[in-house]
Amino acid sequence: DKLVGDDVVHRINYDQFHAMHIQMIQKQQKEIEQLKSDNFALKGEVDILKQRLGKMEEMLNVINSKIN
């Protein structure tokens, strides 16, 4: 850093600047992959719950048909 009047002038080391961006991109990519994995798992759980709900609806229909 170097002072110019009341202002501070900052210099950028572009090698470190690019390395920082690469690191940030890699971190984001890991987060994306984790979110994709979580999403896939949640979709599987939703499918299981839908199947269970369908079976429960079938059972209720059978019970209702026997009552009526």
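How tilted is helix 14-67 with respect to the longest principal axis of the chain? Cα atoms for both, answer in degrees (0 to 90, nearest 10).
Taking Cα atoms only, the helix is inclined about 10 degrees.
Using Cα-only point scatterers and the Debye equation, what is log10 of I(q)/I(0) for the chain at each q in 0.14, 0.28, 0.29 Å⁻¹, rounded to two decimals?
-0.73, -1.07, -1.09
Need one number: nm distance between label points at S37 and I12, each 7 Å from Cα along Cα→Cβ, rounded to one decimal.
About 3.4 nm separates the two model spin labels.
Accessible area per residue for the chain in Å², computed with a 1.4 Å probe and the full protein assembly in place, what is it?
102
The values are calculated or read from the model by the stated rules, or taken from the named source; none is laboratory data. All figures in this text were calculated on a predicted structure; none of them were measured in a lab. With ideal geometry, Cβ positions are generated from the backbone for all residues, glycine too; neighbour counts draw on all protein chains shown. In case anyone asks, the SASA skips ligands and DNA or RNA and just uses the protein heavy atoms, side chains included. Shrake-Rupley method; radii C 1.70, N 1.55, O 1.52, S 1.80 Å.
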